[in-house]
Amino acid sequence: MRRILKAACLICTMALSACEDGEQLTVEDINVPDGYALSAGTATVFFNSSVAYDQPADWVSGVYDQRFNTGDRLYDNIKSTNNNGAGGGLGPVYAGYSCGSCHRNAGRTEPSYWTAVRNGSDDASGRYGFTSMLIYITRKNGSFFPDYGRVVHDQSIYGVQAEGKLKVNIREEHFRFPDGEPYSLCVPEWTITQWYADSIAPEDLFCTVRIPLRHVGMGQMMALDPNEIEALARKSNYPEWGISGRANYITERGVRQLGLSGNKAQHADLTVELGFSSDMGLTNSRFPEEICEGQSQIYQGSMMGLSYARLDCTTEDMENVDLYLQCLGVPARRNVNDPDVKAGEQLFYQAGCHLCHVTTLHTRPRGTALLAGTTLPWLGSQTVHPYSDYLIHDMGSEIMGVGLNDNYVSGLCRGNEWRTTPLWGIGLQQKVNGHTYFLHDGRARNFTEAIMWHGGEGYASRQKFANYTRTQRAQLIKFLESL
């Protein structure tokens, strides 16, 4: 997408800093800003439409502009089975046929199982084919299944069998807030059928499903000052709220690093090469083997005349997609002077939401370096407002008998722990993608349900929200819609 609009805005600093260990924040301690704030410094864009997530920052020009457009095309274009007849390409098994198939307009494509439910089907993958979700599986002891790896690929090219198909049963229970307003929560219960190899016994299987993340603020996330994040981990201890966040550390490319990316902060980069390999079956220099290496799909494909001898994507391709993601602008806040938005912002702080959804962070001076070494210094030395500490928190206390524990371990992150979701741009998700499904598997159908799923370290804030009046809850949600 190309820029079509520029605007100026009034800059206001959000003066919220981390408290010392054990120091209790009160509403009076918080300086809630008036007017606009630049969500991502010089990378803030001013769109309020379906392309709000898919615009370059204003500093993207010249050769960077050309490479941005190249990366955008690689991100959106549907991948072919045979790479224009040159060998390689999509599959043999895959989960998505392009980045944009799951991340429509750089956002999150609607989870197909909800579409299926609305249309009276209990089998989203069987009826609608494409799921736009990732299906993670492990054994109950945490190890992987040799025939499948970490992800079940539920799509395949012609003549090849997918690894499995996803079914869902949704359990819904109805509740009331203390003031009598009704709400409900839904639990998706996953099963897998049509296994490629021997069926896996349910008693030996943990299955968790992930809907796509919004690709908002990716460059700013990669440019964050790691010292600030680690300082937040040391200071993120609020016993009166039951909050104690911590950093996730993972080893990638042989280096132990701070994790920032993903639902569990389980990656240190944007996983472009991994996404092309695991999600689409496109080989590259970092992942040169087919994801189904060793399965009969390799031999079936060879018999059909498909070649797997060459790489599907060059390092230049991968870096251009990385550049595209990191050069995307972040939408500015909207309706910030609306009285209800202002009241909702105050209630957000009063409920302690800001203790994890930290308002203000900073990027390191030199910006970021991409996969092949290209630098983006424009991302450096910026004050940004992601509404996240990028730390992992225990969210797994039981709600409806299950809570948010998915039993999937990532680095140091346990099954009951999740990275604080950045909230910038979240109020535009319905305009960009046509839905308001939230949380890792889309079980929350709206903001209210997302908040009411907060257990563990989020439980105290959840209860504050529950005990607000109906008007106050609506105001807090209106604030979220302004982000």
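Each reported figure results from applying straightforward, stated rules to the coordinates on display, with no laboratory input. Keep in mind that this is a model prediction, so the values were computed, not measured. Glycine gets a Cβ as well: all are built from the backbone with ideal geometry, and neighbour counts include every protein chain shown.
Observations on the model:
- Rounded to the nearest 20 debye, the dipole size of the chain about its Cα centre is 720 debye, using +1 on the Cβ of Lys and Arg and -1 on the Cβ of Asp and Glu.
- Residue among 314, 472, 49 farthest towards the positive dipole end of the chain, charges placed on Cβ: 49
- For the pair residue 470 and residue 249 in one chain, pulling the backbone fully straight at 0.36 nm per residue adds 75.5 nm over the alpha carbon distance.
- By the helix-only formula, in which each DSSP H run with n ≥ 4 contributes -39500 (n - 2.57) and the sum is divided by residues, the chain has a 222 nm mean residue ellipticity of -6500 deg cm²/dmol.
- The calculated FRET efficiency for residue 240 paired with residue 161, based on their beta-carbon distance and R0 = 45 Å, is about 0.25.
- Stretched out straight at 0.36 nm per residue, the stretch from residue 144 to residue 289 would grow longer than its current Cα-Cα span by 50.4 nm.
- With a cut-off of 11 Å between beta carbons, the residues surrounding residue 132 carry a summed charge of 0, where Lys and Arg count +1 and Asp and Glu -1.
- Listed by Cβ neighbour count within 10 Å, with the fewest neighbours leading, 252, 203, 319 appear as 203, 252, 319.
- Placing +1 on the Cβ of every Lys and Arg and -1 on the Cβ of every Asp and Glu, with no other charges, gives the stretch 134-187 a dipole of roughly 300 debye about its Cα centre.
- Neighbourhood net charge (14 Å Cβ-Cβ; Lys/Arg +1, Asp/Glu -1) for residue 433: +3
- Restraint check, 79/165; 167/478; 140/165; 140/264, Cα-Cα greater than 29 Å: 167/478
- Gyration tensor (alpha-carbon) shape descriptor, the stretch 421-473, a/c threshold 1.5: prolate
- Overall form of the stretch 27-481 per C-alpha gyration tensor (a/c, 1.5; a/b vs b/c): oblate
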